[in-house]
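Working notes for the structure below.
Quick note: the coordinates plus some simple rules give every number you see, no bench work behind them. Treat the numbers as computed from the prediction; the structure is a model and nothing was measured. Note that we place each Cβ from the backbone using ideal geometry, even for glycine, and neighbour counts take in every protein chain shown.
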Amino acid sequence: MNRTILLIEDKPSLLDTLKSLLELHQYRVIVAANGAEGVAQARLNQPDLVISDIYMPVLNGYELLELFKQDDALRKIPVIMLTAKTEIEEIDLALEKGADGYVTKPFVFKNLHAVIQKILNKGTEEM
Amino acid sequence: MPYQEILSAIPTPVVICSHQKKRLLFVNTPAATLFKKLTNTKRGVSYSDIKIILHDFSPREDSGQVNSFETRQPVRGKKAFLWLEVITSTVMQDNEIFTVLLINDISARKTKEQQMVQSLEQERSLHEMKSNFISMASHEFKTPLTAISSTVDLLETKLQMDNLLDQFYRHNISKISSEIFKLNTMLDEMLTLSTIVSNNIEVSKQAVAVEQVIHDIKYQYFSERKDDRVLQVAVTGTPRKIYADKNQLSKIFTNLVGNAFKYSSENPAVKLQYQKSRLLIKITDTGIGIPEKDLPYLFNSFYRGSNVASIEGTGLGLSIVKDFVERNNGTIFVESQEHRGTTFTIIFKYPQETPA
């Protein structure tokens, strides 16, 4: 069965490309243009994994993580953060708030895919 | 010679008054001129004019006490004002307390001071704008850069799936990718250098496990390489934490390890040697090396070795590295032989144990 990934990114061009890339790699992809939309989509679709940008209007990546961790239905969904900030503190903050992985922009898709697979496989092992 | 004559000869405004009897005792010519300017009339100076200048300032009544203050006085009937510096002292005579006031018109000095403060403020905000601009630009540039690099990945994936990814496509696609990441490195270096130059770098030191930082950067930047090379890490001695800025340590190692990959074709190595009183970190590659004549200038901004012509770079990396190492009380030096390889050694002392 294809795994479902919720992709949250406010730049339409990147969102579109990443969606196609993930679909070519056999994932089912749901998209959202900001954190608030992302939370709504996550509640509706219960994805296996969320990939989210950090700097977005309406609800940013950190706020998204906080909402996820407070919500019983969303708490267990792993989240990968995409960020253009390479500063260690930013990454530390994301991990502190409960992100399961991070990839800095720009990235090679192979690297993002490796992180996705690592997290999804970890979920399977535990089951 | 009566004291009035002596005081009249002083070119600075002088006033003597009694607060008890609310009267003026003496006003010299410069003081009279000053008050005419302030009250914008031709009448003489009255006690109430002095009271206005003193407003809520009450001179100490103990004899000989000297006080001074600055006050901004409006010029009556005009939209102008004067800045006055008032020096007061008190004299007791026949049970009456007299206040002596020396008044300086410091308007010119104040105007200059304000202009200086203003231009300093202006410069500061310009500086901030510049620094914000570089930070904003380097962040904003990454958005399209990420979209481009992902689109290249998408094209490559699709070509591969359709069995069209031949040598020609592979070669040119990897060229686009490598240029994108070069541009990204330049943006990062520009951002770092701009923060160093504007001296905005905040060093926030904490106890750091260096092997963890090495592990993090290895995972973040130097894994899954297209050429399958890996960073070898070796640790000797008992690991101890050092007191340093984690973010800066990470930039130091990312840069040096990045260079080691860039200027060699084999696996670079990081050796952490935990010695008795210090930590030695050696970053070694077996690459093209650095010509001896370049070594003294290696850490200068924009200086690049004479044998790197075909390898791109900004010449900023090592100057940033040296700055960061020194900000964290470390030392760095380089040993290199052309065609043999290069070793950068960084030394950090352990934090002083506080005696119990």
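Between B:H139 and B:K79, residue separation times 0.36 nm minus the direct Cα-Cα distance comes to 16.8 nm.
Name the residue from A:L65, A:H113, A:L24 whose Cα lies farthest towards the positive end of the charge dipole of chain A, charges +1 on Cβ of Lys and Arg and -1 on Cβ of Asp and Glu. Value computed over the given set: A:L24. Restricting segment B:254-356 to GluC sites (Glu not before Pro) that sit in a DSSP loop and have at most 16 other Cβ atoms within 10 Å of their own Cβ leaves B:E266, B:E312, B:E338, B:E353.
Based on the alpha-carbon gyration tensor of segment A:1-50 and its eigenvalue square roots a ≥ b ≥ c, which shape applies: rounded if a/c is under 1.5, prolate if not and a/b is larger than b/c, or oblate? Oblate shape, in that a/c is at least 1.5 and b/c is the bigger or equal ratio.
Rounded to the nearest 0.05, what FRET efficiency do B:Y350 and B:S68 give with R0 = 60 Å and r taken as the Cβ-Cβ distance? Could you check? The formula returns an efficiency of 0.65 here. Applying 1/(1 + (r/R0)^6) with r as the Cβ-Cβ distance of B:Q160 and B:K182 and R0 = 25 angstrom yields a FRET efficiency of 0.55. Our summary gives segment B:34-150 a relative contact order of 16 percent, counting only alpha carbon pairs under 8 angstrom and 6 or more residues apart. Of the complete DSSP H runs in chain B, those spanning 20 angstrom or more by Cα along the long axis with a mean Kyte-Doolittle score not below -0.5 are B:167-197, B:246-262.
In a simple Cβ point-charge model (Lys, Arg +1; Asp, Glu -1; nothing else charged), chain B has a dipole of about 1100 debye relative to its Cα centre.
Helical runs assigned H by DSSP (4 residues or longer) give chain B a calculated mean residue ellipticity at 222 nm of -14500 deg cm²/dmol, each run adding -39500 (n - 2.57) before division by the residue total. Shown in residue order for segment B:335-340 are the 3J(HN,Hα) couplings computed by the Karplus curve 6.51 cos²θ - 1.76 cosθ + 1.60 at θ = phi - 60°: 10, 7, 9, 4, 6, 10 Hz (x for Gly and Pro). Using alpha carbons only, the radius of gyration of segment B:114-200 set against its Kirkwood radius gives Rg/Rh = 1.30.
Direction-averaged projected area, Cα convex hull, chain B: 34.0 nm², rounded to one decimal. Please identify which residues in segment B:125-158 have an amide N closer than 19 Å to a label point set 7 Å out from the Cα of B:E224, following the Cα→Cβ vector. Counting only backbone N, you get B:143, B:145-158. Shown here for segment A:1-96: trypsin sites (Lys or Arg not before Pro) in loop regions (DSSP other than H, G, I, E, B) with at most 12 other Cβ atoms within 10 Å, namely A:R75, A:K76. By the gyration tensor of its Cα atoms, with a ≥ b ≥ c the square roots of the eigenvalues, what is the shape of chain A: rounded for a/c under 1.5, prolate for a/b over b/c, or oblate? Taking the square roots of the gyration eigenvalues as a ≥ b ≥ c, chain A is rounded. Do the alpha carbons of any pairs in B:K182/B:K246; A:K19/B:K175; A:K19/B:K226; B:K205/B:K293; B:K21/B:K112 sit beyond 29 Å of each other, and which pairs? Table pairs above 29 Å Cα-Cα are B:K205/B:K293; B:K21/B:K112. Can you compute the modelled spin-label distance between B:V334 and B:N132, with each label point 7 Å from Cα toward Cβ, in nm? The two pseudo-label positions are separated by 3.7 nm.
In a shell of Cβ-Cβ distance under 15 Å around A:Q46, excluding A:Q46 itself, what net charge do Lys and Arg (+1) and Asp and Glu (-1) give? With Lys, Arg at +1 and Asp, Glu at -1, the neighbours total +2. Here the sum of -39500 (n - 2.57) over DSSP H runs of 4 or more residues, divided by the residues of chain A, equals -15000 deg cm²/dmol at 222 nm, to the nearest 500.
Positive end of the charge dipole of chain B (Lys, Arg +1 and Asp, Glu -1 on Cβ, about the Cα centre): tell me which of B:Q206, B:Q118, B:I148 has its Cα farthest that way. The one lying farthest along the dipole's positive direction is B:Q118. The label point for B:Q232 and the one for A:K122, both projected 7 Å from the Cα toward the Cβ, are 2.9 nm apart.
Each part reduced to its alpha carbon centroid, segment B:240-277 and segment B:29-52 end up 74 Å apart.
How much length is gained if the chain between B:K21 and B:E266 is pulled fully straight, taking 0.36 nm per residue apart and subtracting their Cα-Cα distance, in nm to one decimal?
Length gained between B:K21 and B:E266: 78.6 nm.
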